[in-house]
Amino acid sequence: MDLAEWFAGKRWVALLELIDMLPAACRLNEAIANDPEAAKAIAEASQGRASDPWAPRTSEWDLNATLLSEISNGIKVLTAATIKANGGKPGDVKPFPTPQTKIQAAMKAAEREWAVQFAGQFGFSAEDL
């Protein structure tokens, strides 16, 4: 692949798609994060817009990330248990976010649909769940 040809051929969409495939920890993203003009544009674009909670990208979630998130969650639980054992109030323990995929959303919707149908057999409605 010759990026100069893509640039000369004005293949902007292909170039942007290639840039989007870069890992989060790359020099391009560092340069964008430290560019005052880009920071201003991103801040203006995000004004008044509700954002979804952050979740890591599926392409960057591997065995190491899985193990580290499990270790992190375990430390949070142990810290909460220690606080509670000493008479304190630990608060809610929120697990480290994991990638969110359309497959997970579809499975959750299918489970809810099954639960609504099952509860309907006993005279309950979807609003009761």
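Read-outs throughout are calculated quantities, based only on the coordinates presented, and are distinct from any laboratory measurement. Everything quoted here is computed from the prediction, not taken from an experiment. As a convention, Cβ positions derive from the backbone with ideal geometry for all residues, glycine included, and neighbour counts pool all protein chains shown.
Taking K and R as +1 and D and E as -1, what net charge do the other residues with C-beta under 14 Å from the C-beta of ASP92 add up to? Once positives and negatives cancel, what remains is +4. When the chain is treated as a GNM with alpha-carbon contacts under 10 Å, the residue of SER59, SER46, SER72 showing the greatest mean-square fluctuation is SER46. At R0 = 30 Å, how high is the FRET efficiency between ALA41 and PHE96 if r is their beta carbon distance? Nearest 0.05 is fine. Efficiency for this residue pair is about 0.50.
Classify the range 3-45 as rounded, prolate or oblate, taking a ≥ b ≥ c as the square roots of the eigenvalues of its Cα gyration tensor: rounded when a/c is under 1.5, otherwise prolate if a/b is larger than b/c and oblate if not. Since a/c reaches 1.5 and a/b is larger than b/c, the shape of the range 3-45 is classed as prolate.
GNM on the chain, alpha-carbon springs under 10 angstrom: the most fluctuating residue among ALA50, ALA81, ALA65 is ALA50. Contact order for the range 59-128, expressed relative to its length and based on alpha carbon pairs under 8 Å spaced 6+ residues apart, stands at 20 percent.
Quick check on the range 59-128: take the gyration tensor over C-alpha atoms, sort the square-rooted eigenvalues as a ≥ b ≥ c, and tell me if it's rounded (a/c under 1.5), prolate or oblate.
Values: a/c = 4.47, a/b = 1.48, b/c = 3.02.
Oblate is the answer for the range 59-128, as a/c is 1.5 or above yet b/c matches or exceeds a/b.
Between THR79 and ALA119, the modelled labels are 3.5 nm apart [label points 7 Å from Cα along Cα→Cβ].
Taken over the C-alpha atoms, the chain has Rg and Dmax values of 22.6, 68 angstrom.
Subtract the Cα-Cα distance of SER72 and LYS10 from 0.36 nm times their separation in residues, and report this length gain in nm to one decimal.
17.8 nm
Note on LYS76: aspartates and glutamates with a C-alpha under 12 Å away, same-chain residues under 8 apart excluded, are ASP92.
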